[in-house]
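For reference, the structure is listed below as structure tokens.
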Amino acid sequence: MTTTYSRVATQSRVVAGLASHVDPQVAKSWDRCINTFGIEPSRKRETAVVEAVELKQRQQRFGELLSVAQAEMENLYEQISGSGYAIVLTDTAGTIINCVGDPTLKTDFRRAGLLAGALWDEQHEGTNGIGTCIAEKRPVNIHRDEHFRRYNVSLSCSGAPIIGTQGELLAVLDASSVNSSDTKLIQRHTMALVGMSASLISKMHFLNCSPKLWVLRFHSRMEFVGLLNEGLLAIDGTGTVVAANQSALDQLGLSERGGLIGLPIEHVFQMEFSTLEKHAAEDASVFLSVRDAVRNLRFFMTVRGPKPQGRANASAPVTIDASEHKSSKPGSAKPAEGDAQIAAHLLTAQRLIEKGIPILVQGATGTGKEVFAKNLHRLSSRRSQAFVAVNCAAIPESLIESELFGYARGAFTDASREGRRGKVLQANGGTLFLDEIGDMPLCLQTRLLRVLEEREVIPLGGEVTIPVDVRVISATHRDIRQMIDEGRFREDLYYRLNGVTLALPLLRDRSDKLDLIQALLAKESTPGHTLRISAEAQAVLINFEWPGNVRELSNVLRTAAALCKGDVIQLDDLPSYIVSPKAAPSKTMAALDAPVTLHTDAPDSNPSNPLYDAERAALVHELERFRWNVTRTADVLGISRNTLYRKIRKHAIPIGQNAES
């Protein structure tokens, strides 16, 4: 596209050429730059900046919206910090009202014209994420040489509109990167985050600017009430609709607000206004089930009555952890891990989790994701509160909902008479660790997203919402992006869990293997019997590839500790596939994750036989993969539980108290 600069004088041919190569929005914008504004693309930068007095006046006109936007801008920045982005808020004229960015890149941002008071409408800066978003009134990505002015081609801009209660444009939220290596794939991810943040700001504005009105929050699916795509209606004291968001129009099948604003609520839903007044006065947290007046479709809604003067809006959504204990200082102890990469990850995560930013830990099976999460909790300001771990892969699908969210008294047959608190409520005030989040059933991902958005839980079979304050750490060994593409994981939940992704290294790549070996030996030692390991055996362990990572190392040392004579583990106490790696099966995780078929009548149980070692290694891996759940492991291997138990005894696998039936 850069070659088109030399032909910009031939306007019609330039725009026609663009239309076949880029997004139509970009082509239309270039047409405006050429034919409406007469911009010369190769002209040197002359950033237009308003005077300080005028900037302050424009900021004051934003009122409460500015503080709402500031909180979400900081939240968004924390999610994409370190990638060279500045988060920018502008008014409808394209004036930068506020900017949040990496202080170390402040000079780069100023050089690029990203500073408070700068004008970024199309007339001044040509095609760009801010000005083109204002012109099109919808989200836009402008990637590098899609910018009209040549001096902006190093930028990648993602702008999303912030919409008012009457559908008017209030502002633009933009993320602009000065990183010339930014790709369109990265920008699409950024655009999704910017769009969600802009929607949250719009939603907060709707709720905050309606203190004297009844506010209806509704959706055709109960679990979606409270999420980004819920419908919002504001009703005045006469029962007349005075404001609506775009989702309300979409769900009611309307193309414009004119078909809704000014109608009595009885003409929208099959209910009297007095019903709303009564419901808001009695219990606004309970869902109403109503049908719309035109299509007779069912909707679920909650109602918030007018807010008393001087009282904060308790039902308004929040975008950062407002309940964080500011007076509680996080732990200052150094991370236990000696590996530099893991230590750096812990320090990064420690800073982010104190601000309520969710952490996603990525790592292969056995890399110690739960240990990392526990250490992070121990280093946080909530270390004295509960740490609750949930293995989403180990809980049967039929039980995971009640395990996570609890259930009310008499919710189902055999339910406890008193009901039960779920894991989320057990973690209230502390940390919730969602292990193997990629294995959570799709139907429950929606409920989890609502809990994260609204910070409240409705137990199974219950009607009353319960506020909850948790910090969330999730972990997975799966490729969540691929699962999203395949429709097996919700993209909006991914963005809420993925405040930052921290990838744990494989054991073979860690620099602290010796420290790990000593720590695991100390764990297996008993009073009066301190376990040690010979130099030869230690060297073999350090040089092994460890496809099962830390978990496999732990199992090997546990078995060796049980077999060794005296208190010193010798080379002969280690499995032969570790001592002689060439006799072992493939050590790749892909091979270990492949289906395994084991025959019940193994021809040779001699521990020195390579087939014996391969079968034992496969059994240990599969048992560890399913957290020693014998039933699930047997199902995956295609054998009976009795056969699996027989093989466990044959190979002397130390299941102990880890086994689950």
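The values are calculated or read from the model by the stated rules, or taken from the named source; none is laboratory data. Remember, it's a predicted structure, so these values are computed and weren't measured experimentally. Every residue, glycine among them, receives a Cβ derived from its backbone with ideal geometry; neighbour counts consider all protein chains shown.
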Specify the residue that is nearest to A244 (Cα to Cα); the eligible residues are those in the stretch 184-206 that are among the hydrophobic types (A, V, I, L, M, F, W, C) and under 16 Å from the mean Cα position of the chain (by Cα). L200
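Any idea which of L493, L516, L502 is in a strand (DSSP E or B) and buried (at least 18 other Cβ atoms within 10 Å of the Cβ)? I'd like the intermediate steps shown before the answer.
Values: L493 fails: in a strand (DSSP E or B); L516 fails: in a strand (DSSP E or B).
Matching residue, one of L493, L516, L502: L502.
What's the total number of residues in the stretch 422-443 that are of a type in the set (A, V, I, L, M, F, W, C) and surrounded by fewer than 19 Cβ atoms within 10 Å (Cβ to Cβ)?
To start, the set of residues in the stretch 422-443 that are of a type in the set (A, V, I, L, M, F, W, C) comprises 424-425, 427, 432-434, 437, 440, 442-443.
In the following step, the residues that additionally are surrounded by fewer than 19 Cβ atoms within 10 Å (Cβ to Cβ) were identified as 442-443.
Selection size over the stretch 422-443: 2.
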Residues of the stretch 519-544 being closer than 18 Å to Y577 by Cβ and either of a type in the set (F, W, Y) or surrounded by fewer than 15 Cβ atoms within 10 Å (Cβ to Cβ) (or both), in sequence order, are E536, A539, I542, N543, F544
Candidate set: the stretch 123-169, residues that are charged (D, E, K, R) and surrounded by fewer than 22 Cβ atoms within 10 Å (Cβ to Cβ); chosen: the one farthest from the chain's Cα centre (by Cα): R150
Exactly one of (1) over 20 Å from D573 (Cα atoms); (2) assigned to a helix (DSSP H, G or I) is unmet by L553. Its number? (1)
Examine the stretch 269-291 for a residue that is of a type outside the set (V, I, T), surrounded by fewer than 19 Cβ atoms within 10 Å (Cβ to Cβ) and at positive phi, and state whether such a residue exists. no
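Test G262 against the stated conditions and say whether it is part of a loop (DSSP other than H, G, I, E, B), farther than 26 Å from A198 by Cβ, out of contact with any Leu (no Cβ under 7 Å at 6 or more places or on another chain) and modelled with pLDDT under 80.
Values: part of a loop (DSSP other than H, G, I, E, B): yes; farther than 26 Å from A198 by Cβ: yes; out of contact with any Leu (no Cβ under 7 Å at 6 or more places or on another chain): yes; modelled with pLDDT under 80: no.
The answer is no for G262.
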Name the single residue that is farthest from H279 (Cα to Cα) among those in the stretch 435-455 being touching a residue at least 60 places away in the same chain (Cβ under 8 Å) and touching a helix residue (DSSP H, G or I) at 6+ places or on another chain (Cβ under 9 Å). D435
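Can you name the residue in the stretch 474-490 that is in a helix (DSSP H, G or I) and within 12 Å of the chain's Cα centre (by Cα) and is also surrounded by the most Cβ atoms within 10 Å (Cβ to Cβ) among such residues?
So the first thing to find is which residues in the stretch 474-490 are in a helix (DSSP H, G or I), and the list is 480-485.
Filter again for within 12 Å of the chain's Cα centre (by Cα), leaving 480-481.
Values: I480: 22, R481: 14.
The selected residue is I480.
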Looking at the stretch 459-499, which of its residues are out of contact with any helix residue (DSSP H, G or I) (no Cβ under 7 Å at 6 or more places or on another chain) and free of Cβ contacts under 8 Å to residues at least 60 places away in the same chain? G461, G462, P467, D479, R481, Q482, D485, E486, G487
If a residue has to be closer than 14 Å to L216 by Cα and out of contact with any strand residue (DSSP E or B) (no Cβ under 7 Å at 6 or more places or on another chain) to count, how many in the stretch 247-272 make the cut? 3
Restricting the stretch 453-471 to residues that are assigned to a loop (DSSP other than H, G, I, E, B) and β-branched (V, I, T), which is nearest to I353 (Cα to Cα)? V470
Counting just the residues of the stretch 37-68 that are surrounded by 11 or more Cβ atoms within 10 Å (Cβ to Cβ) and β-branched (V, I, T), which one comes out modelled with the lowest pLDDT? V68
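Which one is farthest from E146 (Cα to Cα), of the residues in the stretch 29-87 that are touching a Gly at 6+ places or on another chain (Cβ under 6 Å) and not in a helix (DSSP H, G or I)?
Just the residues of the stretch 29-87 that are touching a Gly at 6+ places or on another chain (Cβ under 6 Å), to begin with: 33, 39, 47, 49-50, 55, 79, 86.
Still in the list and also not in a helix (DSSP H, G or I): 39, 47, 49-50, 86.
Details: I39: 15, T47: 19, V49: 23, V50: 26, A86: 19 Å.
In this case the residue turns out to be V50.
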Working carefully through the options A243, A248, A280, find the one that is at pLDDT 90 or above, touching a Gly at 6+ places or on another chain (Cβ under 6 Å) and not in a loop (DSSP other than H, G, I, E, B). A248
The conditions are (1) touching a residue at least 40 places away in the same chain (Cβ under 8 Å); (2) of a type in the set (S, T, N, Q); (3) not assigned by TED's automatic domain parsing to the domain that holds P139, and S202 fails exactly one of them. Which is it? (3)
Go through (1) surrounded by fewer than 20 Cβ atoms within 10 Å (Cβ to Cβ); (2) modelled with pLDDT of 75 or more for V636 and report which single condition fails. (2)
Residue check: is R450 within 30 Å of E552 (Cβ to Cβ), in contact with a Gly (Cβ under 7 Å, 6 or more places away or on another chain) and either modelled with pLDDT of 90 or more or not in a strand (DSSP E or B) (or both)? no
Has the stretch 85-92 got at least one residue that is of a type in the set (S, T, Y) and at pLDDT 90 or above? yes
Given the conditions (1) within 21 Å of G429 (Cα to Cα); (2) hydrophobic (A, V, I, L, M, F, W, C); (3) crowded, with 17+ Cβ neighbours inside 10 Å, which single one is not true for V464? (3)
